[in-house]
1. What is the distance, in nm, between label points placed 7 Å from the Cα along the Cα-to-Cβ direction at Ala236 and at Ala202?
2. Neighbour counts of other C-beta atoms within 10 Å: give me Met150, Met352, Met326 arranged from fewest to most.
3. What net charge is computed for the residues neighbouring Leu78, neighbours being all others with C-beta under 14 Å from the C-beta of Leu78, Lys and Arg scored +1, Asp and Glu -1?
4. Listing Tyr188, Tyr133 from the residue with the fewest other Cβ atoms within 10 Å to the one with the most, what is the order?
5. Along the three principal axes, how long is region 280-369 when you take its alpha carbons, biggest first, rounded to the nearest angstrom?
6. For q values of 0.11, 0.15 Å⁻¹, compute log₁₀ I(q)/I(0) with the Debye formula on a Cα-only model of region 272-441, without solvent.
Amino acid sequence: MGEFVSAAALREAPDDALDRQIENAFQRETQTGVLIAMAVRVLSISLNIAIYFWNLSPLAKRAPMFFHLIPMSAFLALIAFDLVGIVLFGTAARSRKPLFWCIVLLLIDLIVVWEYKFGWLWKPEMIAQVPVYISVRYLDIEAFALLVMMYALPLSPRVLLLAGGGSIGLWVAGIARSFFTYPHAAVYWGPFGPGIGAKGLAAIQSAEVLVPDYFILQILLIGVFTYIFIASSHAARRFVVARVRAETSAAFLTRFFPPALAAKIAADAGQRIAPGRRHAAILFTDQAKNAQSGDLAKLQSYYAAVEAIAFAHDGIVDRFTGGPIMISFGTLESDPAAVENGLACALDLARMPGETFVAAHAGSVISGELGGTRGRVFSVVGDAVNTARRVLDVSRTQHLPIVVTEDAVRALRQTRDLALSDIGATVLRGRDAPVHLWSVQP
């Protein structure tokens, strides 16, 4: 008696349903990241506009060099670029395939930043003759670093790998093209070569010299930067999977345990429900045979009502087998209120429509995961279970709604609110020694 759902089944929902829930969770997290990235683009537009008009106002002493080098047309192009990003991120946030639109926008971003840094299609006249490879001495690569950072938000390692790899590839291509197309280009190795010194300082001050040391460090930093974000993305995805598994497991467990206990088991997923001896309350309930006519809808309604009442009082319901239903209290963990909860549950069960019989007993049981290596199940076993089942026969035979044993009555902390009637010592089926029974009016 008392064996029900296996421990493995308690902790695992069906794989296909779980996979769908994980996929949906990833989609939600990606859409959330996309919305944050979209907010970043909105902020970028706002800041650019604010800075531009501030520097054109009489309050500003002078406009920064940025506005001398970039005409209004280029400034408006940057605003349009951010607007395109907002539109595509908005599309991604509403799409069932947000990563597709993230990749489309990433490719556009890479091309635009590449053009902005190296001017392959157009350069302002003032810097048209300047070798662009001197950018390796400054922070020009930060635009690609910020790009990688922004595309970490959708939590996709593939998108991040494309962002990091594309940034490194375009940076290398831009520097190499600038170097090989400039007629007076020269190379000077600094710390990775002979060192800095006076000759090195002179070389660094020349716009015609490429210092590979800076270039290599930038490539390494972008690679490390990308790796860190990819590792963080993997960790975040593992967290999402763990959260979905816990939520799914908790939802699955609530079909067998009260919500509070289901949450506890889900939180301890992977741990054994160690068997142990506990003082518990055991209930058996059944309805008159004419109430269970074989009508599936009525049977389901009856089971649902019993389950709701049991869970409301922290009871654990045994599997439904078409016969009497067993409900236990204090069998998953010790509970001083187990008997009170059991009697309260019995009163509510007895008030259900139709002729209902309930038997209650309190005693020592062994509960937990029992069985072989693979066939382990959560079980409640012991003489208390058998006694409660035989008391139910007395309830049915004498047409008494609730019959409880003397042990259950003595375990109650107070009985003044119960309408108890003494049945007396009764010899139960299969027993030699009599058991003192009481009737309780619901």
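1. Here the answer is 5.1 nm between the modelled labels.
2. Met352, Met150, Met326
3. Neighbour charge sum, excluding Leu78 itself: -1.
4. Tyr188, Tyr133
5. 38, 27, 19
6. At q = 0.11, 0.15 Å⁻¹ the computed log10 ratios are -0.43, -0.80.
Laboratory data are not the source of any read-out in this text; all were calculated from the coordinates shown. It should be emphasised that the depicted structure is a prediction, and the values quoted were computed from it without experimental measurement. All Cβ positions, even for glycine, are placed from backbone atoms using ideal geometry, and neighbour counts span all protein chains on display.
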